Amino acid sequence: MTIYTVQRGDTLYGIARKFGVPVREITDLNGLSNVNRLMIGQALVIPSEVLPSILVNGYAYPTISDTTLALTLPSLTFLSIFSYHVTPSGNLTPISDSRAIRAAKDNNTLPMLVMTNIGSTGRFDSDLAHAILSNEEVQDRLISNLITTLRNKGYAGVDIDFEYVYPMDKELYNDFLEKVVGRLHEEDFIVTTAVAPKVRENQTGTLYEAHDYATHGRLADHVIIMTYEWGYTYGPPMAVAPLNQVERVIQYAVTAIPSKKILMGIPNYGYDWTLPYEPGRPARSISNTAAVALAVEKGVEIQFDPVAKAPYFYYKDESGALHIVWFEDARSIKAKLDLVTKYNLGGISIWTVMNYFPQMYAVLNSNFQVEKG
């Protein structure tokens, strides 16, 4: 709320227009019975614009700093801590998550356990997922271990992030979700799932085929759509989350998943590519704040792509090699948040919140009220 001091010439209608709120809200809040009787110097309480509320999930590793947690948690509904890895026998590999869980709870944010099929190589493992999905006894053991961990650690729920599931295991994955969601809902735990960014139901590729949007939308409380990584470490230079590509995914998603269950992914990072692009040569990950600092250091102009709705710039390194950097800024974040309103989505999911990006939270909090636990 704002306190406004009445000036000479003010009218209630003019004040209401100035602050963009209905006259009735001002009169009710201030107990004014006569709209024509204002006094110079009178203090009026002006109601703030009522912002729509959304859910905001943020992924974090257990190593996130206390400072970043303190700055970020006020703007999060969920803190999803990455990640507990499943084992072929149905166990979960423990992580040091107590500090992050405690901080989340202190900030009225719901801590979520992230369960993944990341294998011994540190990558998502299709064979590991198959070992779980094809064995009911292992599934039962995994679910039992999951519930025990959720209880003992004080988690509010789980985010199931199984990626690169074999296409032949699609129905097995659906059956597993039916079982695990049923068991967890009986225990009053929240269940979210993470899915690849599809533009149609029958999209081919190991990343996509086993992610059945309709089933996830029916069973899970929230579905996180990973709408990023068009520009990626080993790919050609482009925006990480071009708005036109993100919108194609959302347009399909709302036909298969209730829109209010959808949390649209937003990347909190960019990439720095050496030019000319050579397949197999990795780009360097860079934070959004570091990208701006680099542009300032090099004295180069930041440009903005009107289709991708994303900023980028070129610079030369010490050896004279040309680079291009794609990243996110306030304009690109606002464009993505506009899709939340346009498609009536439940909210967003940020990958990751490890680096504090003040512009993102400023735009978020000026456009939406973040629902808290």
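Things to note:
- Check on residue 233, assigned to a loop (DSSP other than H, G, I, E, B) and closer than 15 Å to residue 345 by Cβ: no
- Residue match in the range 229-252 (condition: within 20 Å of residue 117 (Cα to Cα), out of contact with any Cys (no Cβ under 8 Å at 6 or more places or on another chain) and open to solvent by 10 Å² or more (accessible area, probe 1.4 Å)): yes
- Considered as a group, the residues in the range 304-322 that are within 25 Å of the chain's Cα centre (by Cα) and open to solvent by 70 Å² or more (accessible area, probe 1.4 Å) include one that is farthest from residue 243 (Cα to Cα), and that residue is 306.
- Of all residues in the range 121-147, those being closer than 18 Å to residue 83 by Cα and in contact with a strand residue (DSSP E or B) (Cβ under 9 Å, 6 or more places away or on another chain) number 8.
- Residue check, residue 247 assigned to a helix (DSSP H, G or I) and under 30 Å from residue 294 (Cα atoms): yes
- Inside the range 330-366, residues that are surrounded by fewer than 20 Cβ atoms within 10 Å (Cβ to Cβ) and touching a Pro at 6+ places or on another chain (Cβ under 8 Å) make up a count of 2.
- Within the range 255-300, being under 22 Å from residue 342 (Cα atoms), open to solvent by 60 Å² or more (accessible area, probe 1.4 Å) and in a loop (DSSP other than H, G, I, E, B) holds for one residue alone: 258.
- There is at least one residue in the range 132-154 that is of a type in the set (Gly, Ala, Ser) and over 25 Å from the mean Cα position of the chain (by Cα).
- The condition of being touching an Asp or Glu at 6+ places or on another chain (Cβ under 7 Å) and β-branched (Val, Ile, Thr) holds for only one of 181, 191, that being 191.
- Matching helices (runs of 4 or more DSSP H) fully within the range 98-160 where at least 1 residues are more than 22 Å from residue 67 (Cα to Cα): 126-133, 136-153
- Of the listed requirements (1) among the aromatic types (Phe, Trp, Tyr); (2) assigned to a helix (DSSP H, G or I); (3) closer than 30 Å to residue 292 by Cβ, residue 252 misses just one: (3).
- Wholly enclosed strands (runs of 3 or more DSSP E) of the range 1-96 bearing at least 3 residues surrounded by fewer than 18 Cβ atoms within 10 Å (Cβ to Cβ) and on the phi < 0 side of the Ramachandran plot: 2-5
The values are calculated or read from the model by the stated rules, or taken from the named source; none is laboratory data. Keep in mind that this is a model prediction, so the values were computed, not measured. Note: ideal-geometry Cβ built from the backbone for every residue, glycine included; neighbour counts use all protein chains shown. The area values use the complete protein model at the heavy-atom level, side chains included, leaving out ligands, DNA and RNA. Shrake-Rupley method; radii C 1.70, N 1.55, O 1.52, S 1.80 Å.
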